[in-house]
1. Does Val200 qualify as being over 23 Å from Val146 (Cα atoms) and in contact with a Leu (Cβ under 9 Å, 6 or more places away or on another chain)?
2. For region 68-136, which fully contained strands (runs of 3 or more DSSP E) count at least 2 residues that are touching a helix residue (DSSP H, G or I) at 6+ places or on another chain (Cβ under 6 Å) and of a type outside the set (S, T, N, Q)?
3. For the subset of region 51-67 comprising residues that are in contact with a strand residue (DSSP E or B) (Cβ under 9 Å, 6 or more places away or on another chain) and in a helix (DSSP H, G or I), which member is surrounded by the fewest Cβ atoms within 10 Å (Cβ to Cβ)?
4. Where the second residue is part of a loop (DSSP other than H, G, I, E, B) and modelled with pLDDT under 95 and the first is more than 21 Å from Glu43 (Cβ to Cβ) and lies in region 83-105, which pairs have Cβ atoms under 8 Å and are six or more apart or on separate chains?
5. Out of the residues in region 304-320 that are outside any loop (DSSP other than H, G, I, E, B) and among the acidic types (Asp, Glu), which is nearest to Asp253 (Cα to Cα)?
6. In this structure, is Lys233 out of contact with any strand residue (DSSP E or B) (no Cβ under 9 Å at 6 or more places or on another chain) and in a helix (DSSP H, G or I)?
7. Name every residue in region 33-42 that is in contact with a strand residue (DSSP E or B) (Cβ under 9 Å, 6 or more places away or on another chain), crowded, with 18+ Cβ neighbours inside 10 Å and more than 15 Å from Gly317 (Cβ to Cβ), in order of residue number.
Amino acid sequence: MKLVRALASATALAVTIFAASQASALTVGFSQIGSESGWRAAETTVTKQEAEKRGIDLKFADAQQKQENQIKALRSFIAQGVDAIFVAPVVATGWDDVLGEAKDAGIPVLLLDRTVDSDKSLYLTAVTSDLVHEGNVAGKWLADTVKDKDCNIVELQGTTGSSPAIDRKKGFEQGIEGHANLKIIRSQTGDFTRTKGKEVMESFLKAENGGKNICALYAHNDDMAVGAIEAIKEAGLKPGTDILVVSIDAVPDIFKAMAAGEANATVELTPNMAGPAFDALDAYLKDKKEPPKWIQTESKLYTASDDPMKVYELKKGLGY
């Protein structure tokens, strides 16, 4: 009987300790844009992995590319009393009210991979790459590659109003500035998706003599580039040769295209925004010292000379 009582007491104590540890674990709400691209899927996977590794209860909400869904998710997180909120904002504007509500509730908000046009006091920090720099690297690569050759460029923009679309366009234009032989002749949103990228590229090709007037494609992300590559092939042209292809993100599929000679260059955007964000949040919760308002991640240019299949093998298990 004593043994039974001892076992019961030990079990009750274990349950109490487990419950206490669960209660003390951080709860973080994560409002993700959606799954419009391979990179986005990888960011989601890595964020969940980082949370699990740190023992954090991550509440995930997929906004399906709609800001109204993100605002609802943030208000739900606030009502639940989470310890912090991560948000990858679908567009840059329209956040003041809900961010103010989070601030009033004492819940720090951290932006992942995109920024907002709001007062910086409304969020703790933004973990992003330098989006303008990414576009600039892509533009300079193209300028260096074509040299003095006349080059008509078509551009696949990201989601209208999003910070990557705005800044990657700005950076690319800076990268080709001063090169009168380089000219953007058509520019339209492909909404960061392969399907739309292919659809818009088809319209570019039809409008430009079956693509014969096009020297290069610049896509704001790799997924649109992969869709555009299919359109170029279906038009009877050779992507990577007849039309140079440069894009941003460095997702696995672009390296397969590069290895096949169908893409030429990509600028990496790391999917691990959550690691630095969790580190900043941890430091803030421990000593209340605010991190810098911008934590910059590294970007890297990859070309066909970087053994694309080797890079593909390294990246393919990250959830893209």
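The values are calculated or read from the model by the stated rules, or taken from the named source; none is laboratory data. Only a predicted model underlies this, so the values are computations on that prediction, with no experimental measurement involved. Glycine also receives a Cβ, built like all others from the backbone with ideal geometry; neighbour counts cover every protein chain displayed.
1. yes
2. Details: elements: 84-87, 109-112, 125-128.
It comes to 84-87, 109-112.
3. Our first condition is that a residue be in contact with a strand residue (DSSP E or B) (Cβ under 9 Å, 6 or more places away or on another chain); within region 51-67, this holds for 51-52, 56-63.
Still in the running and in a helix (DSSP H, G or I): 51-52.
Details: Ala51: 21, Glu52: 11.
My answer is Glu52.
4. Pairs found: Thr93/Gly161.
5. Taking region 304-320 first, the residues outside any loop (DSSP other than H, G, I, E, B) are 304-306, 308-318.
Now narrow it down to the ones that are among the acidic types (Asp, Glu): 306, 313.
Details: Asp306: 15, Glu313: 10 Å.
Here the answer is Glu313.
6. No; evaluated as a whole, the condition is false for this residue.
7. Ile33, Gly34, Ser37, Arg40
Every residue, every condition in (1) at pLDDT 95 or above; (2) over 27 Å from the mean Cα position of the chain (by Cα); (3) within 19 Å of Arg40 (Cα to Cα), yes or no:
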| residue | (1), (2), (3) |
| --- | --- |
| Ala180 | yes, yes, no |
| Ile185 | yes, no, no |
| Thr195 | yes, no, yes |
| Glu199 | yes, no, no |
| Lys206 | yes, yes, no |
| Asn209 | yes, yes, no |
| Lys238 | yes, yes, no |
| Val245 | yes, no, no |
| Phe255 | yes, no, yes |
